[in-house]
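The values are calculated or read from the model by the stated rules, or taken from the named source; none is laboratory data. Everything quoted here is computed from the prediction, not taken from an experiment. Cβ sites come from the backbone with ideal geometry, for glycine too, and all protein chains shown count toward neighbours. Only protein heavy atoms, including side chains, enter the accessible area calculation; ligands, DNA and RNA are left aside. Shrake-Rupley method; radii C 1.70, N 1.55, O 1.52, S 1.80 Å.
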Amino acid sequence: MKPSDDIVPAFDPDEACRRAMDAGLVVHRAHPLNCETSIPALIGGVVMPNAQFYVRNHFQIPVLDLSAWRLNVGGLVERPLSLRFRDLHELRSQAAAVTLECAGNGRSGFDPPIEGEQWNLGAVGTAEWTGVPLVEVLHRAGVKPEASELVFRGADAGALPGRTETIRFERSLKLEDATSSDALLAFAMNGEPLPVQHGYPLRLIVPGWYGVASVKWLTEIEAVDAPFSGHFQVNAYIYEWERDGEVVSEPVTLQMVRSLITEPAPNEEVEGGELAIRGVAWSGAAPVARVEVSIGAGPWQEAHLVGEQTRYSWQGWELITRIDRPSTIAVRARATDVAGRTQPDEPRWNRLGYGNNAVQEVSVRIS
Ligand SMILES: Nc1nc2c(c(=O)[nH]1)N[C@H]1C(S)=C(S)[C@@H](COP(=O)(O)O)O[C@H]1N2
Ligand SMILES: [Mo]
């Protein structure tokens, strides 16, 4: 199946940017729109309102006409499909709260600094996504035994910096990862149709994986029998680290374990007395087992996990303590998942700046 080269109209970038700023998002780039949630808006334990959910785009936002839109499923399948939006609605759908995090979240914390979007810590959010399980559609198409990967194509396209040729946003998943990951073909976000900047009318949601796997504006799924080598698969979204003097490359896959302090805000001034420290924690590989908090370089104290624990959503946590003396104190939080993975004190530097899950430190002024 050849990717179609139809020109898709773009959403007015100035309008998209203005809406993001009105909603309080921190805009890093307007063309294409890239913006993150401010830390105090990362409310613990609940979903983010759609308007405040971070946006990560590589190209302009395409505006797709629902009557012309199709999800084509082809390549190594028994029965190629061309599904209309209403055909999808006739299939079994389900909803799940899933945390999406950009692999570049926290990139601004690397030293030496790394080029690319300078994300602070708000390129993460949780929403309730509703859609058709990917396996339902794969089952209907009948993936042939020789297929080893699925390529997911978005309708967005453009040229990379310094290049002239136009490429699509495309990503692949190993067949095994695609079928075991509870992936959804999502058409709704927090009970509303997908907003245009989040992939209207349909996107993939791959729970537990860094956001790059969750292809927006999805129009094609192709089953292939060779490792996919598209730009966003092999040139970007790769950890390049040095191990024993040698450069090792590994693909970005599951979200690393991480906690965020949402309250107090960095440099917030609070009155002496009872102090509530709250945040969220998540891990792509396993549920969060515990979150510990250290106050003023003191020992790690276990925080209380709040709200229900669901498999793919971040978990709220809190620690209530007392600080009476006026001072400026450092508060740190560290999450550990049930697989025993925990956060490092310092970011693990890698050339493209992904997966910074170092312990966050917030300075709080007690008056
Ligand atoms: N088609 C398409 N899908 C995409 C992207 C993109 O640029 N184009 N960006 C990816 C990346 S890197 C992330 S982190 C998430 C962001 O999803 P959001 O903008 O809905 O928060 O979408 C992913 N899916
Ligand atoms: Mo991302």
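For the residues Ala285, Ala330, Ala335, Ala339, the requirement of being over 27 Å from the mean Cα position of the chain (by Cα) and either at pLDDT 95 or above or in a loop (DSSP other than H, G, I, E, B) (or both) singles out Ala330. Looking across the range 155-176, the residues that are part of a strand (DSSP E or B) and either free of Cβ contacts under 8 Å to residues at least 24 places away in the same chain or polar (S, T, N, Q) (or both) come down to Ala159, Thr166, Ser172. Checking each residue in the range 208-219 for being open to solvent by less than 10 Å² (accessible area, probe 1.4 Å), over 18 Å from Arg351 (Cα atoms) and within 12 Å of ligand 1 (Cβ to nearest atom) picks out Ala213, Ser214, Val215, Trp217, Leu218. Are any residues in the range 117-151 open to solvent by less than 40 Å² (accessible area, probe 1.4 Å), within 16 Å of ligand 1 (Cβ to nearest atom) and either farther than 30 Å from Gln309 by Cα or assigned to a helix (DSSP H, G or I) (or both), and if so, which ones? Listed by number, the residues that qualify are Glu117, Leu134, Leu150, Val151. Number of residues in the range 293-309 that are open to solvent by 50 Å² or more (accessible area, probe 1.4 Å) and in contact (Cβ under 8 Å) with a residue 60 or more places away in the chain: the value is 1.
If the requirement is being open to solvent by 70 Å² or more (accessible area, probe 1.4 Å) and closer than 28 Å to Ile366 by Cα, which of these qualifies: Arg325, Arg332?
Details: Arg332 fails: open to solvent by 70 Å² or more (accessible area, probe 1.4 Å).
Criteria check complete, one pass: Arg325.
Based on this model, can you work out whether Leu204 counts as over 16 Å from the mean Cα position of the chain (by Cα), within 16 Å of ligand 2 (Cβ to nearest atom) and among the aliphatic types (A, V, I, L, M)? Steps first, please.
Numbers: over 16 Å from the mean Cα position of the chain (by Cα): no; within 16 Å of ligand 2 (Cβ to nearest atom): yes; among the aliphatic types (A, V, I, L, M): yes.
Taking the combined requirement at face value, the residue does not satisfy it.
Taken together, the residues in the range 220-238 that are over 22 Å from Asn105 (Cα atoms) and either out of contact with any strand residue (DSSP E or B) (no Cβ under 6 Å at 6 or more places or on another chain) or open to solvent by less than 20 Å² (accessible area, probe 1.4 Å) (or both) amount to 8. Within the range 20-50, the residues that satisfy the criterion of being surrounded by fewer than 19 Cβ atoms within 10 Å (Cβ to Cβ) and free of Cβ contacts under 8 Å to residues at least 60 places away in the same chain are Met21, Asp22, Ala23, Gly24, Val27, Ala30, His31.
From the list Leu76, Leu121, Leu100, Leu88, the lone residue that is in contact (Cβ under 8 Å) with a residue 24 or more places away in the chain, touching a helix residue (DSSP H, G or I) at 6+ places or on another chain (Cβ under 9 Å) and away from ligand 2 (no atom under 16 Å from the Cβ) is Leu88.
Hey, among Arg258, Arg243, Arg290, Arg278, which residue is within 16 Å of ligand 1 (Cβ to nearest atom) and over 30 Å from Ala141 (Cβ atoms)?
Arg258
Once the range 177-195 is narrowed to residues that are part of a strand (DSSP E or B) and out of contact with any helix residue (DSSP H, G or I) (no Cβ under 8 Å at 6 or more places or on another chain), the residue that is nearest to Ile205 (Cα to Cα) is Ala186.
Filter the range 249-292 down to the residues that are farther than 21 Å from Arg334 by Cβ and either among the aliphatic types (A, V, I, L, M) or in contact (Cβ under 8 Å) with a residue 40 or more places away in the chain (or both) and list them by number. Let's see the steps before the verdict.
Just the residues of the range 249-292 that are farther than 21 Å from Arg334 by Cβ, to begin with: 249-253, 269-274.
Answer for the range 249-292, where residues must be farther than 21 Å from Arg334 by Cβ and either among the aliphatic types (A, V, I, L, M) or in contact (Cβ under 8 Å) with a residue 40 or more places away in the chain (or both): Val252, Thr253, Glu269, Val270, Glu271, Gly272, Gly273, Glu274.
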